[in-house]
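What follows is a short report on a single structure.
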Amino acid sequence: MDLESGAGLLHRLTSYVPGREWDVPADDPRVRHDLVPNDPATLPPPVKSYPDGLPVVDLPRDLPDPGVSATAVLAGTASPAQPLDAAQLGRVLFLGAGVVRTAVRDGRTFLFRASGSAGGRFPLEVYASTRGVAGVPDGVHWYDPVRHALVRVAPAATGTVTTIVVTGVPWRTGWRYAERGWRHLYWDAGTLLSQLSAAAASAGLAPRLRSLFPDATVRRLVGADGVHEYPLALLSFGDGEPAIGPAGPAVPGELPPVELPLCTAAQRAGERDVLGGPWPEAPALTDVPPSASLDEVVRRRGSQRLMDRSRTVSRTVLEWPLAAALRGVRVPHWVAVHGVDGVAPGIYRWPDLSRPRRGGDLRDDLLRVCLHQGLAADAAYVVVAATPLSGMDDRGYRDAQLAAGLVEGRLHLAAYALGASASGMTFVDAEVPALLAEPDDLAALLFTCVGVPAYRSRAGGGPGAPVTFRPVTPRLVEP
């Protein structure tokens, strides 16, 4: 990978290093130095806005739960096919992108979605290009997560099967994380897709994920400009041709006109003009522990802020979630074990738990690498996604970040299904290879902490009825 251009340059300039605070930009003119992180005056709105008068389909708020256990879905067990109608499509969209909780801070209302997001920014938009959905006219629709409705923004696309398009809004996450937030777009898209895919699979809708697609075509389809918003992934229902051929102009909607040129360049460097095949289906797991339904687990899921380091989890709560989360994913993963029954503390290269790469209590090491965020030491184990940069191109870098997010999203669901909890975690890039006892070329992608919750989150509400909650402050450990 070229570290002087495209995604490689962004990776290098947004990597955290010892001695520089996370919110201090690299000393390079290609990084913006005029933006103040977390400035209330420039806080972007949580969703796009569209002009009045566009056709709207209010989706049913009584969601048709198929009653399939979360563990069965994550294991890849086939589910009976349900009709693809407005209610089922609405269920899938809500279980990924719906607003399930709200919180008020400094007089502002913040929206928390069904899937996890770094810093609670949710820098994503979701569109449904529908074909043959009962109760929904064929067309390209923006999903309004607040109203739980579809807003028609373009005429019906060419193609045969309904396709969900996930786009990223770089400034929405860049507001907090600057140009590094471009990575978060793909992490968050992965966590979102893990839940969209699980919801679709539980209804027998045969979800098919694609990360290789003609970027310019899909931008035209949904009205994204490629600077303030760009497509990240497609999820089709069934094996037919995805409905992504624009048949007319799309209403673009409104977003704050703030550009991060380094992010724009990284995105453009990975653009392609072909439609690739879907990600391959992986064999189902034969072991399926009991759990609540997927719909119940999704509403129960949250980004845990405090874990009880005095308590351990069973070996099953390590092995089964990882086996389920990594089904069909080739990105390498490591596990830092702190408190798992029957597994000695240390760093392991998954799936080999027979001998650690580094042994002993590594809680202090994880604290340092994770910017002294307490979860890194309090978790029962920490899962690390990382991959060598050599041999990777700009599109492959996107795929690796997306895959890491997909694994994290599945880990969240699996942990909550088995009574544990989970949360994503950022890190000092330069420290990760030594932590894992690997060469310096290894690029860290994402950390996920899994452990025993120190409190129980309120379950999220249904469409149009989110619950109000008070966010818990995470524990920071002074160095």
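The values are calculated or read from the model by the stated rules, or taken from the named source; none is laboratory data. Quantities reported herein were computed from a predicted structural model and do not represent experimental measurements. Reconstructed Cβ throughout: ideal geometry from the backbone, glycine too, with neighbour counts over all protein chains shown. With ligands, DNA and RNA removed, areas are computed over all heavy atoms of the protein, side chains included. Shrake-Rupley method; radii C 1.70, N 1.55, O 1.52, S 1.80 Å.
Need one number: convex hull volume per residue for region 7-135, Cα atoms only, in Å³. Write down the numbers at each step before the final one.
On the way: hull volume 29.9 nm³, N = 129.
Roughly 231 Å³ of hull volume per residue.
What's the carbon and sulfur percent of the chain's accessible surface, probe 1.4 angstrom, rounded to a whole number? Provide the component values of the computation, followed by the final result.
Values: 9300 of 17800 Å².
With neighbouring chains kept in place, the figure for the chain is 52 percent.
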key: Among Val73, Val227, Ser49 the positive-end extreme of the charge dipole of region 6-270 (Cβ point charges)   = Val73
request  = Determine one quarter of the surface area of the Cα convex hull of region 324-383, which equals its mean projected area, and express it in nm² to one decimal.
outcome  = 4.4 nm²
message = I want to verify the translational diffusion coefficient of region 86-208 in µm²/s; compute it with Stokes-Einstein, Rh as the Kirkwood radius over Cα pairs, at 4 °C and 1.567 mPa s.
response = 86 µm²/s
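Rounded to the nearest 20 debye, what is the charge dipole size of the chain about its Cα centre when +1 sits on each Lys and Arg Cβ and -1 on each Asp and Glu Cβ? Numbers along the way, then the final one.
Working: 47 positive and 50 negative charges, 218 e Å.
With only Lys, Arg, Asp and Glu charged at Cβ, the dipole is about 1040 debye.
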message = Give me log10 I(q)/I(0) at q = 0.05, 0.09, 0.10, 0.12 Å⁻¹ for the chain, Debye formula, one equal scatterer per alpha-carbon, no solvent.
response = -0.16, -0.55, -0.69, -1.03
query = If you project the alpha carbons of region 162-277 onto the principal axes, what extent comes out on each, in Å, largest first?
reply = 40, 30, 25
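Where does region 369-475 land on Rg/Rh, using Cα atoms and the Kirkwood Rh?
On the way: Rg = 16.1 Å, Rh = 15.6 Å.
We get a ratio of 1.03 for region 369-475.
Given the chain, what percent of its DSSP beta bridges are antiparallel, to the nearest 5? Mind showing how you got there, number by number?
Working: 65 of 71 bridges.
In the chain, approximately 90 percent of DSSP beta bridges are antiparallel ones.
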ask   = With +1 on each Lys and Arg Cβ and -1 on each Asp and Glu Cβ, how big is the dipole of region 304-405 about its Cα centre, in debye rounded to the nearest 20?
value = 80 debye
remark   = the chain: relative contact order from alpha carbon pairs under 8 Å, six or more residues apart, as a whole percent, is 20 percent
inquiry  = Along its three principal axes, how long is region 43-117 when you only count alpha carbons? Whole Å, largest extent first please.
reply    = 44, 31, 18
query = Tell me, what is the per residue accessible area of the chain in Å², probe radius 1.4 Å?
reply = 37 Å²
task = Could you give log10 I(q)/I(0) at q = 0.19, 0.22, 0.23 Å⁻¹ for region 251-375, computed by the Debye formula over C-alpha point scatterers of equal weight, without solvent?
result = -1.22, -1.35, -1.41
request  = List the DSSP H helices in the chain whose Cα atoms stretch 24 Å or more along the helix axis and whose mean Kyte-Doolittle hydropathy is at least 0.0.
outcome  = 181-202
request  = List the equivalent ellipsoid semi-axes of region 259-321 in whole Å, largest first, each obtained as the square root of 5λ for an eigenvalue λ of the Cα gyration tensor.
outcome  = 36, 23, 14
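Could you tally the net charge around Gly391, taking each other residue with its Cβ under 14 Å from the Cβ of Gly391, Lys/Arg +1 and Asp/Glu -1?
Values: positive: Arg330, Arg395; negative: Asp2, Asp393, Asp394, Asp399, Asp441.
Local net charge: -3.
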message = Which of the three applies to region 302-468, rounded, prolate or oblate, going by the alpha-carbon gyration tensor with a ≥ b ≥ c and a/c under 1.5 meaning rounded?
response = oblate
key: For region 294-356 versus region 41-64, the gap between their alpha-carbon centres in whole angstrom   = 36 Å
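Given Cβ point charges of +1 (Lys, Arg) and -1 (Asp, Glu) and nothing else, what value in debye, to the nearest 20, does the dipole of region 6-270 about its Cα centre take? Please list the in-between numbers first.
Values: 24 positive and 24 negative charges, 61 e Å.
That gives a dipole near 300 debye.
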message = Checking a compactness column here: for region 100-151, what do you get for Rg(Cα) / (2.2 N^0.38 Å), N being the number of residues?
response = 1.42
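How much length is gained on full extension from Leu3 to Thr217, taking 0.36 nm per residue of separation minus their Cα-Cα distance? All intermediate terms of the calculation are to be shown ahead of the outcome.
Details: separation 214, 0.36 × 214 = 77.04 nm, distance 2.80 nm.
So the extension gain works out to 74.2 nm.
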request  = Using only the Cα atoms of region 142-183, each taken as one equal point scatterer with no solvent, compute I(q) by the Debye sum, divide by I(0), and report log10 of the ratio at q = 0.33 Å⁻¹.
outcome  = -1.11
request  = Would you mind checking which residues have amide H under 5 Å from Ala233's amide H? H placed 1.01 Å from N; only 5 or more apart, or other chain.
outcome  = Val166
request  = Per residue, how big is the convex hull around the C-alpha atoms of region 6-270? Give it to me in cubic angstrom, could you?
outcome  = 139 Å³
inquiry  = Bins of 5 Å, beginning at zero and ending with the bin holding the largest distance: percent of Cα pairs per bin for region 113-177, please.
reply    = 4, 16, 23, 21, 14, 11, 7, 3, 0
remark   = In nanometres, the difference between 0.36 nm per residue of separation and the alpha-carbon distance of Ala437 and Leu43 is 137.9 nm
